[in-house]
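The structure under discussion appears below in the form of structure tokens.
A short reminder: the numbers here are calculations on the coordinates, not readings from a lab. As the structure is a prediction and not an experimental result, all values here were calculated from the model. Heads up, the Cβs are rebuilt from the backbone with ideal geometry, glycines too, and the neighbour counts pull from every protein chain shown.
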Amino acid sequence: MICPVLHATLKHSLRRFQLIRCCYCTSPKLSEKNGTIELLGKTYKTDHVTNIRSSLIPKIGIGLHNMKHHPLNLLKKQIVDYFYKNFINRQKNPVFSVYDSISPVVTLHQNFDSLLVPVDHVSRKLSESFYLNSEYMLRAHTSAHQSDLIRTGLNAFLVFGDVYRRDTIDSSHYPIFHQAEGVRLYRGQELFSKMNITGDYQIFENGEKNETKQPLHTKEAVMILEHELKSTLENLAFELFGKDVETQWVDAYFPFTHPSWELEIKFQGEWLEVLGCGIMEQELLTAAGAGDQIGWAFGLGLERLAMRLYSIPDIRQFWRYNDSGFMSQFDVKDPSTPIKYKEVSSYPQRIYNMSFWLTDGYNENDFYDLVRNVGGDVVEQVRLTDDFYHPKMKRHSHCYEIVYRDMSKSLSKEEANIIHKQIGEAASKELGVENRWNL
């Protein structure tokens with residue numbers, strides 16, 4: 001969705017970049033027989049890299065961040081309001097435009113190559129990301145749209161969207177979560193005049209790369225960008241968590257920014273990483289047709305912030321959008337209204353263990369994905385409790401603790417037994433592991 005006050009200005013640019021909107025009325029399907037996936041109004045052929053489970057497909061493109069009275073929507077509105085209020089042009093209009101409905105289906109080029117992600121980077125592995133086929137995937141980050149948006153001529157934008165990663169199973173991880181992405185670009189004189197700096201200063205030079213800058217960037221330009229970036233994000237943290245929240249910056253690495261940092265806040269006595277950011281790699285900007293500009297970018301996870309902001313204990317709670325007991329707690333007119341989530345109901349856990357001998361090429365994320373596919377949201381947590389090597393048999397085994405808990409009713413022992421047995425059978429069949437015992 002584009003800010004209305006910027007519509008006329010951006011109209012020409014948007015003709016060159018067609019936003020693919022999620023088609024919520026289309027029923028997604030995975031047809032193993034026909035070798036296709038129907039997703040958001042389009043059909044994709046599957047191949048040897050396809051690793052999307054049928055249980056994931058109905059949730060793709062739902063867009064929790066755009067649902068009225070959803071906590072992620074409240075958080076999105078707070079972030080947008082902050083940038084609208086603090087970045088205004090001479091005509092008193094917001095500088096940043098907002099995109100919150102771009103399709104999560106992207107090409108591998110968009111998700112990796114356009115962001116300079118190395119070909120051997122771990123995020124490209126089948127065990128880490130969701131692939132429709134060898135050409136298309138579900139975006140692993142909203143950064144996948146940076147280059148396309150910059151190519152339209154935009155120099156300040158926010159992107160909100162659902163992202164997908166294969167990951168562990170616990171109260172803070174889910175295969176679908178939501179991100180916010182921000183980008184701000186400047187030309188030379190615009191950057192220095194913004195800071196009321198006069199003189200013959202340049203943003204580019206033929207220098208050398210070091211810990212503080214890229215080879216083409218001048219130290220003066222980087223200092224200004226770093227100051228604006230850090231102060232912008234620190235003030236966003238103050239806006240969300242209050243003026244008294246403690247913050248600190250930690251050096252980081254991202255393929256698409258240098259230098260890079262992570263912002264941490266002090267939460268319940270511990271430091272919590274809330275976002276990553278940095279000075280955009282000039283190679284990325286040049287490839288997107290903005291080689292005469294310099295800029296910064298950041299990305300943050302909405303669930304991670306919302307869980308702390310509203311005291312939501314389990315990431316699965318965000319998917320209770322059909323539960324009035326959950327949604328009614330966030331029915332407020334002002335998105336910045338302080339809210340502390342109250343547990344609607346609490347049901348007992350069912351805790352089981354599963355142990356099996358591993359096969360060559362075994363990957364934990366494959367097992368987590370299988371467990372999620374078979375058990376769905378009834379699985380609350382999966383934890384590796386033992387990694388054993390038998391010297392005589394020369395074999396490895398893993399033992400996992402699997403916690404089951406239904407969010408809507410009390411899960412009986414018989415129901416948990418059935419699910420646990422199905423997971424063991426599926427692991428043996430699909431992953432080739434040899435079950436030792438399931439208790």
Which FRET efficiency value, to the nearest 0.05, do you get for LYS219 and THR168 by plugging their Cβ-Cβ distance into 1/(1 + (r/R0)^6) with R0 = 56 Å? 0.85
Could you list, bin by bin from short to long, the percent of Cα-Cα pairs of the chain in 10 Å steps? 4, 19, 28, 26, 15, 6, 2, 0
Efficiency by 1/(1 + (r/R0)^6): what FRET value for GLU430 and GLU401, r their Cβ-Cβ distance, R0 = 25 Å, to the nearest 0.05? 0.75
Using 0.36 nm per residue of separation minus the Cα-Cα distance, give me the extension gain between THR359 and LYS194 in nm, one decimal. 53.4 nm
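Tell me which GluC sites (Glu not before Pro) from segment 271-347 have a DSSP coil assignment and no more than 14 other beta carbons within 10 Å of their own. Don't skip to the end; give the middle numbers.
Values: sites: GLU273, GLU281, GLU283, GLU303, GLU343; in loops: GLU281, GLU343.
Those satisfying the criteria are GLU343.
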Fully extended, how many nm does the chain gain between TRP319 and LYS333 (0.36 nm per residue separation, minus their Cα-Cα distance)? 2.9 nm
Can you list the trypsin sites (Lys or Arg not before Pro) in segment 354-396 that are in a DSSP coil and have 13 or fewer other beta carbons within 10 angstrom? LYS392, LYS394
Each label point is 7 Å from the Cα along the Cα-to-Cβ direction; what then is the distance between the points at ILE57 and LYS266, in nm? 5.0 nm
Check cross-link reach from LYS413 to the lysines: straight Cα distance under 19 Å, and skip same-chain residues fewer than eight apart. LYS421
What FRET efficiency comes out for the pair ASP244/ASN206, r = Cβ-Cβ distance, R0 = 51 Å, nearest 0.05? 0.65
Any lysines with Cα under 17 Å of the LYS45 Cα? List them, leaving off those in the same chain fewer than 8 positions away. LYS29, LYS33
Take each uninterrupted DSSP H stretch in the chain, measure its Cα extent along the helix axis, and return the ones at 30 Å or beyond whose mean Kyte-Doolittle hydropathy is at least -1.0. 219-241
In whole angstrom, note down how far apart the Cα centers of segment 160-192 and segment 326-402 are. 24 Å
At most 16 other Cβ within 10 Å, DSSP loop - trypsin sites (Lys or Arg not before Pro), segment 98-150: LYS125
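Of LYS85/LYS230; LYS42/LYS76; LYS333/LYS409; LYS76/LYS266; LYS42/LYS409, which ones are farther than 26 Å apart at the Cα? Working shown, then result.
Numbers: LYS85/LYS230 17 Å; LYS42/LYS76 28 Å; LYS333/LYS409 31 Å; LYS76/LYS266 22 Å; LYS42/LYS409 36 Å.
Exceeds cut-off: LYS42/LYS76; LYS333/LYS409; LYS42/LYS409.
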Measuring from its Cα centre, segment 61-106 shows a charge dipole (+1 at each Lys and Arg Cβ, -1 at each Asp and Glu Cβ) which, in debye to the nearest 20, is 200 debye
Using just the helices of the chain, give the 222 nm mean residue ellipticity in deg cm²/dmol: DSSP H runs with n ≥ 4 each add -39,500 (n - 2.57), and the total is spread over all residues, rounded to 500. -7500 deg cm²/dmol
At 7 Å along Cα-to-Cβ for each site, give me the label-to-label distance between LYS394 and LYS413 in nm. 4.3 nm
Along the charge dipole of segment 84-163, which of VAL122, ASN86, HIS141 sits closest to the positive end, that is, farthest toward it, with unit charges on the beta carbon of Lys, Arg, Asp and Glu (+1, +1, -1, -1)? ASN86
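Can you give the local net charge around SER123? Use residues other than it whose beta-carbon is closer than 11 angstrom to its beta-carbon, Lys and Arg +1, Asp and Glu -1.
Taking every other residue near SER123 into account, the sum is +2.
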